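Everything on this sheet refers to the single structure shown next.
The values are calculated or read from the model by the stated rules, or taken from the named source; none is laboratory data. Predicted, not measured: the structure shown is a model, and the values here were computed from it. Every residue, glycine as well, gets a Cβ built from its backbone with ideal geometry; the counts of neighbours run over all protein chains shown. For the accessible areas, the whole protein counts, side chains as well, though only heavy atoms, and no ligand, DNA or RNA atoms are used. Shrake-Rupley method; radii C 1.70, N 1.55, O 1.52, S 1.80 Å.
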Amino acid sequence: MTFTATILTLYPEMFPGPLGISLAGRALAEGKWACEPVQIRDFATDKHRSVDDTPAGGGAGMVMRADVLARAVDYALEQQPDAPLLAMTPRGAPLTQARVRQLAAGSGVTILCGRFEGIDERLFEGRPIEPVSIGDYILSGGEMGALTLLDACIRLLPGVMGAPDSGDDESFETGLLEYPHYTRPVEWEGRTIPEVLRSGDHARIEAWRKSMAETDTRLRRPDLWERHEGARDQSPSGARRQKKDR
């Protein structure tokens, strides 16, 4: 089964873009995934191939029309009826590694890339669309977000990264940031690789890496640390454990 990415966009020439090189590009050439960009304007019905109009109630910018997008979405759903239908929008739920793993385990995804001021809300009411955000900032359109989401999925496909466990220790896989990395030379500008990493003692190395991952997460991403601690304090039955006084 080939993981197929159908992308509904006003700029199909942006795909596969950077996903056509490196690991993702090799996987594409080998047929491990397929990229199917679809021009939204092909579903417009007027001579100007219009896909947007002025905002109801007034305001700056333009809004993507529900009727045009619905025709594009319906076409994509016919092509991949079992694929999740996502829309890249800052109003969506934040993308997580857990969701990426779910998507990568399926047959593919359909991604709608928004532009202008946004998408007519009635489209989300009338079609089974999952709004997704890649962060709390504004981009020119959903295409860069779609590329980010696809890169995260493609690297998890069987055979793309090589060893099956290549990504197991990376940031967010365990709910923590990844531990720091070092390589030769042993000394650089007076800075030395930590002694524990040169000790050959695998138990000590594992303990150091775990400790550093926890420390860095607590200091750099307190939001992740709070969620990690909350999950760790959850009993198998789902009841919250009482924390001991420290």
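Computed values, structure above
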{"quantity": "Single match in ILE129, ILE154, ILE119 (criterion: over 22 Å from ALA24 (Cβ atoms) and crowded, with 21+ Cβ neighbours inside 10 Å)", "calculated": "ILE119"}
{"quantity": "Residue in segment 128-136 that is touching a helix residue (DSSP H, G or I) at 6+ places or on another chain (Cβ under 9 Å), among the hydrophobic types (A, V, I, L, M, F, W, C) and in a strand (DSSP E or B) present", "calculated": "yes"}
{"quantity": "Single unsatisfied condition, ARG91 versus (1) within 23 Å of the chain's Cα centre (by Cα); (2) closer than 24 Å to ILE154 by Cβ; (3) open to solvent by 30 Å² or more (accessible area, probe 1.4 Å)", "calculated": "(2)"}
{"quantity": "Residue within segment 69-91 that is modelled with pLDDT under 95 and not polar (S, T, N, Q) present", "calculated": "yes"}
{"quantity": "Residue count, segment 1-38 (criterion: open to solvent by 40 Å² or more (accessible area, probe 1.4 Å) and assigned to a strand (DSSP E or B))", "calculated": "2"}
{"quantity": "Condition check for ARG65: closer than 15 Å to SER133 by Cβ, open to solvent by 30 Å² or more (accessible area, probe 1.4 Å) and of a type in the set (Lys, Arg)", "calculated": "no"}
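Residues are listed down the side, and each one gets a yes or a no for (1) open to solvent by 60 Å² or more (accessible area, probe 1.4 Å); (2) touching a Leu at 6+ places or on another chain (Cβ under 8 Å); (3) within 15 Å of LEU8 (Cα to Cα); (4) outside any helix (DSSP H, G or I):
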residue	(1), (2), (3), (4)
LYS47	yes, no, no, yes
PRO55	no, no, no, yes
ALA60	yes, no, no, yes
ALA70	no, yes, yes, no
TYR75	yes, no, yes, no
ASP82	yes, no, no, yes
LEU86	no, yes, yes, yes
